[in-house]
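The values are calculated or read from the model by the stated rules, or taken from the named source; none is laboratory data. Every value quoted in this text rests on a predicted model; they were computed, and no experiment measured them. FYI the Cβ positions are ideal-geometry reconstructions off the backbone, even for glycines, and counts take in every protein chain you see.
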Amino acid sequence: MVFRVLIIGGTGQVGAAVVRALAAEPSCAEVVMVNRRAISLSADPRVRQVILDTAAAQFPAEVTKLAQSMVALGDPVYAASCVGVGKGSLKWSEEELKALEIGVVGGFARGCQAGGITRFSLLSAVGSSSKSRIRYVRVMGLKEETVQGIGFQRLAIFRPGIIAGNAHTPRYVA
């Protein structure tokens, strides 16, 4: 069965790995990356990018139009958010984290659902809970609750404990 994927956060460590895996999957007809700025893409014609201003008020509406155009092609369409700040979150205020993790991801998810996408995958973090005293874990919990409240038919939440292999991975873990 052929399918298509609309993804945000496809330029980060996890998202880029997801995009590579999807591009290697023969049944994936298309991967559309929603990016804030243009990046160099592989030569695979099935991977394309759409540049959107994630801070703009019309961002969810733009995602809706994009999702509708993909759904109209007739293949199943999945959406994924691999947005994440990681260790850099220590430098962000709680308001900045919420603007990205809840505002941007929530707007993307609402746009996907309004555009007819019924299956969504969300990158979160281990221990996520909106009741946590730990700021990052609390914001991740709020993000999960936001996306859960949108009402996707199928929602997969991925909660890695640590993402190995990048510059932020402690040496003793790597």
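Could you tell me how many of the residues in the range 1-50 are loosely packed, with under 12 Cβ neighbours inside 10 Å and within 24 Å of residue 110 (Cα to Cα)?
Count: 3.
Can you find even one residue in the range 71-92 that is more than 19 Å from residue 10 (Cβ to Cβ), in contact with a His (Cβ under 9 Å, 6 or more places away or on another chain) and not aromatic (Phe, Trp, Tyr)?
Yes, some residue in the range 71-92 is more than 19 Å from residue 10 (Cβ to Cβ), in contact with a His (Cβ under 9 Å, 6 or more places away or on another chain) and not aromatic (Phe, Trp, Tyr).
Quick check, is residue 29 touching a Phe, Trp or Tyr at 6+ places or on another chain (Cβ under 9 Å), outside any loop (DSSP other than H, G, I, E, B), at pLDDT 95 or above and over 25 Å from residue 160 (Cα atoms)?
Judged against the criteria, residue 29 is a match.
Looking at (1) surrounded by fewer than 23 Cβ atoms within 10 Å (Cβ to Cβ); (2) in contact (Cβ under 8 Å) with a residue 12 or more places away in the chain, which is the only condition residue 131 fails?
In the conditions (1) surrounded by fewer than 23 Cβ atoms within 10 Å (Cβ to Cβ); (2) in contact (Cβ under 8 Å) with a residue 12 or more places away in the chain, residue 131 misses (2) alone.
Does residue 37 fit the bill of being under 27 Å from residue 1 (Cβ atoms), of a type in the set (Lys, Arg) and within 18 Å of the chain's Cα centre (by Cα)?
When the stated conditions are applied, residue 37 does not pass them.
In the list 124, 93, which residue meets the criterion of being within 19 Å of the chain's Cα centre (by Cα) and either hydroxyl-bearing (Ser, Thr, Tyr) or over 21 Å from residue 34 (Cβ atoms) (or both)?
The conditions single out 124.
Identify, from the list 135, 171, 119, the residue that is of a type in the set (D, E, K, R) and either closer than 18 Å to residue 15 by Cβ or modelled with pLDDT of 90 or more (or both).
119
From the list 5, 50, 34, 19, which one is part of a strand (DSSP E or B), hydrophobic (A, V, I, L, M, F, W, C) and free of Cβ contacts under 8 Å to residues at least 60 places away in the same chain? Walk me through it before giving the result.
Working: 5 fails: free of Cβ contacts under 8 Å to residues at least 60 places away in the same chain; 34 fails: free of Cβ contacts under 8 Å to residues at least 60 places away in the same chain; 19 fails: part of a strand (DSSP E or B).
Of 5, 50, 34, 19, the one residue that is part of a strand (DSSP E or B), hydrophobic (A, V, I, L, M, F, W, C) and free of Cβ contacts under 8 Å to residues at least 60 places away in the same chain is 50.
Can you tell me which residue within the range 32-60, out of those that are of a type in the set (Val, Ile, Thr) and closer than 15 Å to residue 100 by Cβ, is modelled with the highest pLDDT?
Checked the range 32-60; the qualifying residue modelled with the highest pLDDT is 34.
Test residue 44 against the stated conditions and say whether it is in a loop (DSSP other than H, G, I, E, B), closer than 22 Å to residue 147 by Cα and free of Cβ contacts under 8 Å to residues at least 24 places away in the same chain.
Spelling it out, it is not the case that residue 44 is in a loop (DSSP other than H, G, I, E, B), closer than 22 Å to residue 147 by Cα and free of Cβ contacts under 8 Å to residues at least 24 places away in the same chain.
Scanning for something surrounded by 14 or more Cβ atoms within 10 Å (Cβ to Cβ), farther than 14 Å from residue 142 by Cα, in contact (Cβ under 8 Å) with a residue 12 or more places away in the chain and not hydrophobic (A, V, I, L, M, F, W, C), does the range 92-103 turn up at least one residue?
no
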